[in-house]
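The values are calculated or read from the model by the stated rules, or taken from the named source; none is laboratory data. Quick caveat, the model's predicted, so the values are computed rather than measured. So basically every Cβ, Gly included, is an ideal-geometry build from the backbone, and we count neighbours across all protein chains shown. Accessible surface areas use protein heavy atoms only, side chains included; no ligands, DNA or RNA. Shrake-Rupley method; radii C 1.70, N 1.55, O 1.52, S 1.80 Å.
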Amino acid sequence: MKRVKFLGNRRVEIEDAPLPRPKEGEVLVRIRLSAVCGSEMHQFRSDQPLDGNPGHEAVGEIADSCGQPGIREGQRVAIHVVTSCGQCYWCKRGYHIFCDNRVGLQ
């Protein structure tokens, strides 16, 4: 597969990377579009390369459903990488993006 790598100093390259292997309870998504968010711009402008893969606002389709019920290959999906607790002040008011206990998926 291909991925974007931030090299530092506003430079990027497209590199080959191994195809990920989904774990139990996961699916494999073929990414068709991934935006670079404003929150990632400091990493893009940094003089240090980024160890990881930028782009946490992605859309694509299921490449391998890994037997997950209700999910079929080819199904279009959008990925939201932030999960919320559902219990804090913000979550109880429906503002999950402000969750006091939010975590990003890896």
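For segment 8-38, name all the residues that are open to solvent by less than 80 Å² (accessible area, probe 1.4 Å), in a strand (DSSP E or B) and touching an Asp or Glu at 6+ places or on another chain (Cβ under 6 Å).
G8, L28, A35
Within segment 55-65, count every residue that is assigned to a loop (DSSP other than H, G, I, E, B) and open to solvent by less than 40 Å² (accessible area, probe 1.4 Å). Even if it seems obvious, please write down each step before you answer.
Of all residues in segment 55-65, those assigned to a loop (DSSP other than H, G, I, E, B) come to 55-56, 65.
Of the ones still in play, those that are also open to solvent by less than 40 Å² (accessible area, probe 1.4 Å) are 55, 65.
The qualifying residues number 2.
Count, please, the residues in segment 66-93 that happen to be open to solvent by less than 100 Å² (accessible area, probe 1.4 Å), over 22 Å from S39 (Cα atoms) and out of contact with any strand residue (DSSP E or B) (no Cβ under 8 Å at 6 or more places or on another chain).
Qualifying residue count, segment 66-93: 5.
Please identify the pairs in which a residue from segment 29-46 that is within 27 Å of R72 (Cα to Cα) has its Cβ atom under 7 Å from the Cβ atom of a residue that is of a type in the set (V, I, T), counting only partners at least 6 apart or on another chain.
Here the result reads V29/I62; V29/V77; V29/I79; R32/V59; L33/V59, each pair linking segment 29-46 to a residue that is of a type in the set (V, I, T).
Looking only at segment 5-19, decide whether some residue is touching a residue at least 24 places away in the same chain (Cβ under 8 Å), touching a Pro at 6+ places or on another chain (Cβ under 6 Å) and aliphatic (A, V, I, L, M).
There is at least one residue in segment 5-19 that is touching a residue at least 24 places away in the same chain (Cβ under 8 Å), touching a Pro at 6+ places or on another chain (Cβ under 6 Å) and aliphatic (A, V, I, L, M).
Could you please find all residues in segment 4-30 being over 19 Å from A63 (Cβ atoms) and not β-branched (V, I, T)?
K5, F6, L7, G8, N9, R10, R11, E13, E15
Which condition number in (1) more than 22 Å from G104 (Cβ to Cβ); (2) not in a loop (DSSP other than H, G, I, E, B) is the one that P69 fails?
Checking P69 against (1) more than 22 Å from G104 (Cβ to Cβ); (2) not in a loop (DSSP other than H, G, I, E, B), the one that fails is (2).
Pick from segment 88-106 the residues that are touching a residue at least 12 places away in the same chain (Cβ under 8 Å) and not in a strand (DSSP E or B): which of them is nearest to L28 (Cα to Cα)? Steps first, please.
First, the residues of segment 88-106 that are touching a residue at least 12 places away in the same chain (Cβ under 8 Å): 88, 96-97, 99-105.
Checking the rest, the ones that are also not in a strand (DSSP E or B) come to 88, 96-97, 99-102, 105.
Values: C88: 31, H96: 25, I97: 25, C99: 27, D100: 29, N101: 26, R102: 23, L105: 14 Å.
Only one residue fits best here, namely L105.
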